[in-house]
Amino acid sequence: MAFDVLLLIAGLVLLMVGGEAVVRGATGLARTLGVSPLVIGLTVVAFGTSAPELAVNVIAAWEGRPGISFGNIIGSNLANIGIIVGLTAIVKPIPITGMVIAREIPMMLLATAAAFLMGFDHVLGVGPDLYDRADGLLLLLLFLVFLYYTIGDFVKGRGAVLAEREAEGFNPETQGGMSRNVATTAAGLAGLMLGADLTVDAAANLARAFGVPEVIVGLTVLAFGTSLPELVASIIATVRGHAELAIGNVVGSNIFNLLLVFGVTAVVAPVSVPSGGHLDLIVMGVLSLLLFAVSASRNNQIIRGEAIILMVSYVSYITWRSVGALS
């Protein structure tokens, strides 16, 4: 047990170092490429910080442990909204751009609705509640649609942003060239993945030592552990004045989790909805709608009071769910 504690500390240190490198490299890459930090957050950073969930779920699906797969994906999305957005907005209110409200969060809601409906097969009369390979392929198809629109924005807006950078006298060679930014981002992502791996393994071992059910391990320990990269990257981005990257990271990560991670996992092996899983899906939908509501408020930012509501909602549900499963 002492060794697991040491691994947990080492993983957290790697997450901090990796998160700083990702934010520094990604924002430099955005300026060099002539693209907004929001697009980088929705793609590069979101994919990198979702890599732990992908690795954990593919392994769990391959080993025939659907409880961990389901719990990790849904729990990560719950943690992204309740903990990551909550803590980030408490550190500093997050301004929300029009595109986030008009398209990115609605895309997340679409992904959430797709995963929700696929988990209620018995209601639709099409068999047991199971995410099979057909569901996985449909989720991956939706993911390709998301990438198409996101990359399209990058291509259409790149020329104007580059012109603005040149007018400001920006020189990528003197302010961090392409190769340096790519290397910094890659090193940061590697640190995040390694740190998350160490953290999750150590935390899962500690949890199992106390006889915690797999689905609860997935919803809590693994979900929070694999969401630590998003938390670190978002808070660092906000402190450094890149709130667009922070909200893009959270929204993008939730989309990646539901469409890419869940899609790949279901293709590798079908994932059944565990006991209590339907309620988890409902709560994920409610928190997603709540995020949209606070983002579309009149001040066009997520303030500390709204962040506290998100955090209290998440902590209350996870506590109730965990106590109920253990009793």
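Here, each number is a calculation from the coordinates, and none is a lab measurement. These figures come from a predicted structure and were not determined experimentally. Glycine gets a Cβ as well: all are built from the backbone with ideal geometry, and neighbour counts include every protein chain shown.
Brief remarks on what is shown
- Sites Leu6 and Ser322, calculated FRET efficiency, Cβ-Cβ separation with R0 41 Å, nearest 0.05: 0.95
- Sequence ranges 7-18, 225-236, 304-315, ranked by mean other-Cβ count within 10 angstrom, highest first: 225-236, 7-18, 304-315
- Helical content alone sets the calculated 222 nm signal of the chain at -24500 deg cm²/dmol, taking -39,500 (n - 2.57) per DSSP H segment of four or more residues and averaging over every residue.
- Farthest toward positive dipole pole in region 180-327 [+1 Lys/Arg, -1 Asp/Glu at C-beta], among Ile308, Leu206, Leu189: Ile308
- Amide N of region 285-327 lying under 11 Å from the label point, which is placed 7 angstrom from the Cα of Ile101 along Cα→Cβ: 293-302
- For region 196-246 versus region 66-138, the gap between their alpha-carbon centres in whole angstrom: 16
- The slack between Leu140 and Ser272, meaning 0.36 nm per residue of separation minus the straight C-alpha distance, is 45.7 nm.
- Segments 83-92, 68-77, 114-123, 317-326 sorted - mean Cβ within 10 Å per residue, highest first: 68-77, 83-92, 114-123, 317-326
- Convex hull per residue volume in Å³, alpha carbons only, for region 25-125: 142
- Remark: the chain is approximated by an ellipsoid whose semi-axes, taken from the C-alpha gyration tensor as √(5λ), come to 31, 22, 19 Å, largest first.
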